[in-house]
Amino acid sequence: MTRIRTQVGIVGAGPAGLFLGHLLHLEGIDSIIIENRAREYVIERVRAGVLEQGTVDLMIETGVGERLRREGMRHGGVQLAFQGRRHRIDFEELTGGRSITIYGQNEVVKDLIAARCVTERPLYYDVEDVAVTDFDTPKPLIRFRLTGKEHEIRCDFVAGCDGSHGVCRPGIPASRLCVYEREYPFGWLGILARAAPSSDELVYALHERGFALFSMRSPTVTRLYLQCAPDEDLGRWSDEAIWAELMERFNMSDGWRPNRGEIAQKSVTGMRSVVVEPMRHGRLFLAGDAAHIVPPTGAKGMNLAVADVRILSRALAQYYQQGRGDLLETYSDRCLLRVWRAQRFSWWMTSMLHRSRDGSGFDYRRQIAELDYVITSRAAMTSLAESYVGMALG
Ligand code: FAD
Ligand code: PHB
């Protein structure tokens, strides 16, 4: 048995866990990060792509934004497409100059891993059988196996950054949590295509056949999504069928289309909204997808994870530097304010842009009216823009 001691034990090396480790390091606080997947798997996992201004600013301020500054694609707006036409929502003009940046989640993760390696603080991959206990005592315990050997970390606090399928949240007695949940009757079929983006901005499209999203990762890689069934069988979709469906849903009267290219990756993701309250139990603090999941239509998931750990790192810094726990006490409430705002926005974008399976003509006409309102009313488009670029990080 290997026994280790640290101040903060972090479970999960996604954006939440790695960013927390980074922010704690800057405050002089010791941490150990454990991850049950391989390093290559975590780096290669294709997920989020949109960074809010607050996330970008935090990366730059804390010294992990150099490559982001060079390679990130700054977007001053997005486009909404319906009935064969695209309409621009100008974020910069509507929000006093705020914008979003396209930079893959895996790139964020790579930059954070590089920063972690420089600090020489521990980050263990491929750990097995992780168990978190004693978090209602002053000395929580994390147990795991690494290369066949049992390990035990005694810490002051545990950060549960282990995503929606982790062990931290299920370790909290169900009677102490309230879980709010909503399933959506659709999923997204996503592809990465080796093709130059044919638009400088994202295009969110509502078509009679369902939602489609045009996004990108670099000047040579396009990211595209199609609304599908939540349990869609990818095997039924040949590359040709995916392109045919995309071209149909992005059929614009000005002739605009995504460029085609070799499909490098495809996947199906179901859509859920989940919020766990409170985000803390004793000395266990949940952050990111471990505490909340949003449907991807609002592009909020990774940004919420970063906002949580920013609040948590400040609270832990106050605890260690001033011996006070009031920011730890208010952690959950402060995070949940932003989380519920993001839930509202993500739910609204999702219901405006997806066709329900029963295909009600009433709903479709109502959705078109909603989109029409958003592109013609300055108040409505300002509301979308404000929510999309995100609340400032406090
Ligand atoms: P995760 O990234 O899930 O990280 C958790 C980590 O914990 C993982 O590495 C996991 O392997 C590890 N882990 C799990 N169990 C254990 C265990 N027992 N022990 C140790 N480690 C464990 N968000 C946006 O902001 N913008 C977008 O544009 C966007 N688009 C998306 C598109 C898609 C298709 C998907 C699926 C998601 C998207 N998201 C988006 C959401 C975003 O990817 C997540 O919200 C984000 O990954 C949350 O980060 P996290 O660190 O909390 O969780
Ligand atoms: C992405 O680029 O992967 C992306 C963009 C916008 C979203 C969701 C995902 O709303």
- Please go through region 274-305 and pick out each residue that is small (Gly, Ala, Ser) and within 14 Å of ligand 2 (Cβ to nearest atom). 298, 299, 301
- Message: I need the strands (runs of 3 or more DSSP E) fully contained in region 202-304, keeping only those with at least 3 residues that are open to solvent by 10 Å² or more (accessible area, probe 1.4 Å) and more than 28 Å from residue 384 (Cα to Cα).
- Response: 262-277
- How many residues are more than 17 Å from residue 79 (Cβ to Cβ) and charged (D, E, K, R) if we restrict to region 210-257? 9
- Item | Count - residues of region 94-135 that are of a type in the set (D, E, K, R) and either assigned to a loop (DSSP other than H, G, I, E, B) or on the phi > 0 side of the Ramachandran plot (or both) | 6
- Item | Where residue 198 falls short, out of the listed (1) open to solvent by less than 60 Å² (accessible area, probe 1.4 Å); (2) on the phi < 0 side of the Ramachandran plot; (3) more than 15 Å from ligand 1 (Cβ to nearest atom); (4) free of Cβ contacts under 8 Å to residues at least 60 places away in the same chain | (4)
- Item | Matching residues, region 63-111, being among the polar types (S, T, N, Q) and surrounded by 15 or more Cβ atoms within 10 Å (Cβ to Cβ) | 79, 95, 99, 101, 105, 106
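Here is a yes/no grid of residues against (1) within 16 Å of ligand 2 (Cβ to nearest atom); (2) at pLDDT 95 or above; (3) open to solvent by less than 10 Å² (accessible area, probe 1.4 Å):
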| site | (1), (2), (3) |
| --- | --- |
| 9 | no, yes, yes |
| 17 | no, yes, yes |
| 23 | no, yes, no |
| 28 | no, yes, no |
| 34 | no, yes, yes |
| 42 | no, no, yes |
| 45 | yes, no, no |
| 51 | yes, yes, yes |
- Message: residue 317 - would you say it is in contact (Cβ under 8 Å) with a residue 60 or more places away in the chain and surrounded by fewer than 18 Cβ atoms within 10 Å (Cβ to Cβ)?
- Response: yes
- Message: If the requirement is being in a strand (DSSP E or B) and closer than 25 Å to residue 285 by Cβ, which of these qualifies: 151, 87?
- Response: 151
- Tally of residues being of a type outside the set (Val, Ile, Thr), more than 16 Å from ligand 2 (Cβ to nearest atom) and not in a loop (DSSP other than H, G, I, E, B) across region 171-190: 10
- Please verify whether region 344-367 includes one or more residues that are open to solvent by 40 Å² or more (accessible area, probe 1.4 Å) and among the aliphatic types (A, V, I, L, M). no
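The values are calculated or read from the model by the stated rules, or taken from the named source; none is laboratory data. A quick note: this is a predicted structure, and the numbers were derived from the prediction, not measured. Ideal geometry is used to build each Cβ from the backbone, glycine not excepted, and the neighbour counts take in all protein chains shown. Heavy atoms of the whole protein, side chains included, go into the accessibility calculation; ligands, DNA and RNA do not. Shrake-Rupley method; radii C 1.70, N 1.55, O 1.52, S 1.80 Å.
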